[in-house]
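One structure is given here, and the rest of the page talks about it.
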Amino acid sequence: MSDSVFPPAFLWGSATSAYQIEGAVREGGRTPSIWDTFSHTPGKTAGGETGDIAVDHFHRYREDVALMADLGLNAYRFSVSWSRVQPTGRGPAVQVGLDFYRRLVDELLAKGIRPAVTLYHWDLPQELEDAGGWPERDTALRFAEYASVVGEALGDRVEHWITLNEPWCSAFLGYGSGVHAPGRTDPVASLRAAHHLNLAHGLAATALRAVMPARNEIAISLNSSVVRPLSQDPADLAAARRIDDLANGVFHGPLLHGSYPSSLIDATSPITDWSYVRDADLRIIKAAPLDALGLNYYTPALVSAAPDRVAGPRADGHGASEHSPWPGADDVLFHQTPGERTEMGWSIDPTGLYDLLMRYTREAPGLPLYVTENGAAYDDKPDAEGRVHDPERIAYLHGHLAEVRRALTDGADVRGYYLWSLLDNFEWAYGYGKRFGAVYVDYATLERTPKSSARWYARAARTGVLPPVTAEV
Ligand code: GBH
């Protein structure tokens, strides 16, 4: 196969998440999630922006599905708002909440687009946070119950299931650095949250299996970091290994190997004794093997040791003594990778995606992989004719898809790619200022306009071949 041709069955998708696009936050009995509460708390998001309206996808889903169909995309990854389905986070489902997702899925299927459902993309029902949130075991049990409710409703027509999106962010940004909801800053709570998210995945996978056809595929999406040492100095190599444990091992240890890495336990032992991890939990997680692994990739991390803990301002915005998302790693420095960056300030390094895919090809042989998110924010603006030209995004997508193609050649079983994101949307703590969409959204009118990158990506999806970056689109 030539170096730009993709397999015929490859999924060319786009991804979104409920709180970032739906709006309609009070409709049909939906109650606040931790992101409603957080975004309405002064000082937590840029400009105090919230997802109250977002891009109003709840009311415009038909138009959005038609857009995908026009672009020739054959897959779509979206998430379900837990508190739209179970307003108290427990008990029977609200049928009108589920009906929205039934209609969305039917619309997708009618247009030949495969749905991939993410059950949890960071929007915990506030009631469950009030009861302790992810640091508490009970939240994992509640998640399994919610999974079976959604699995029962959609399992007959959705084949691709993702339990959790980026549990690292839920645990360490939500409970460690506090830059995400619920905004807690407690390193022990963040580690407890990570474990209960793993347990939640294991319980939910088992619950889904019990209510769905066996052909359905159950996965998890990790924002597995590509951690690179600043130098080959043993201290820098050790720092990189420690961050790798905290970014990756903490999830793929239990998920792929049935235990937490001993190096992670040793490194965090000054702050926690891990007594909340029961042997039975690890057995539950292991007893529900993944059918596929979703990987979200944007940028690599470059780290070094900080001799004497004299840490200046770090590239990730965290000073050494401030709240860090990396528990017990105050003596590690994060560096800005040289070279071009996106509007997020994230350096552009497509080889990181290749490295990531090859890593899991080695570490989990035979496990199908999906790139469940990849994309870039740019400062897009319509021109005088109302067209949006984003050649930087085309270059970003081309570079990363070429690395996916290279990984395929080298034996990685990559089944699909979901561009983040279909639409410009609510970029969490950054509000609406960062545009990741292939489709431009005018926030005054909510009008959608495909950017040139959308047309470029459409051509790739339609032909299964990467067009040159300079292709006329
Ligand atoms: C994804 O998160 C989300 O799934 C998606 O909802 C979001 O819109 C999209 O990407 C774009 O942001 O500096 O130490 O805090 C990606 C989240 C952001 C996680 C960068 C790791 C760096 C770690 N990633 N972050 S730190």
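By the rule of a C-alpha distance below 19 Å, with chain neighbours fewer than 8 residues away ignored, the lysines paired with residue 434 are 44, 381, 451.
When the solvent-accessible area of the stretch 11-463 is split by element, carbon and sulfur atoms take up 52 percent of it, the probe being 1.4 Å. Net charge of the neighbourhood of residue 432, taken over other residues with C-beta under 9 Å away and scored Lys/Arg +1, Asp/Glu -1, is -1.
For the chain, the membrane-span-like helix rule (DSSP H, alpha carbon extent of at least 30 Å along the helix axis, mean Kyte-Doolittle at least 0.0) picks out 187-211; this says nothing about an actual membrane.
Counting only heavy atoms of the protein chains and using a 1.4 Å probe, residue 389 has close to 100 Å² of accessible surface. Helical runs (DSSP H, four residues minimum) scored at -39500 (n - 2.57) apiece and divided by the length of the chain put the mean residue ellipticity at 222 nm at -10500 deg cm²/dmol.
Taking the DSSP beta bridges in the chain as the whole, what percent of them are antiparallel, to the nearest 5? Just about 25 percent of them are antiparallel. Near residue 74: Cβ cut-off under 11 Å, other residues only, Lys/Arg at +1 and Asp/Glu at -1. The net charge is +3. Farthest towards the positive end of the charge dipole of the stretch 11-463, among the residues 382, 445, 418, is the Cα of 418, using unit charges on the Cβ of Lys, Arg, Asp and Glu. Taking the inverse of the mean 1/r over every pair of distinct Cα atoms in the stretch 273-424 gives a Kirkwood hydrodynamic radius of 18.4 Å. Per residue, the Cα convex hull of the chain amounts to 138 Å³. Charge dipole (Cα centre; +1 on Lys/Arg Cβ, -1 on Asp/Glu Cβ; no other charges) of the chain amounts to roughly 940 debye.
Think of a 1.4 Å ball rolled over the protein heavy atoms: the chain then has 36 Å² of accessible area per residue. Largest accessible area first, the residues 434, 111, 381 order themselves as 381, 111, 434 under a 1.4 Å probe with ligands, DNA and RNA left out.
The values are calculated or read from the model by the stated rules, or taken from the named source; none is laboratory data. Keep in mind it's a predicted model, so treat the numbers as computed, not measured. In this analysis, Cβ positions are derived from the backbone assuming ideal geometry, glycine residues included, and neighbour counts consider all displayed protein chains. Protein only, heavy atoms only, side chains kept; ligands, DNA and RNA dropped before computing areas. Shrake-Rupley method; radii C 1.70, N 1.55, O 1.52, S 1.80 Å.
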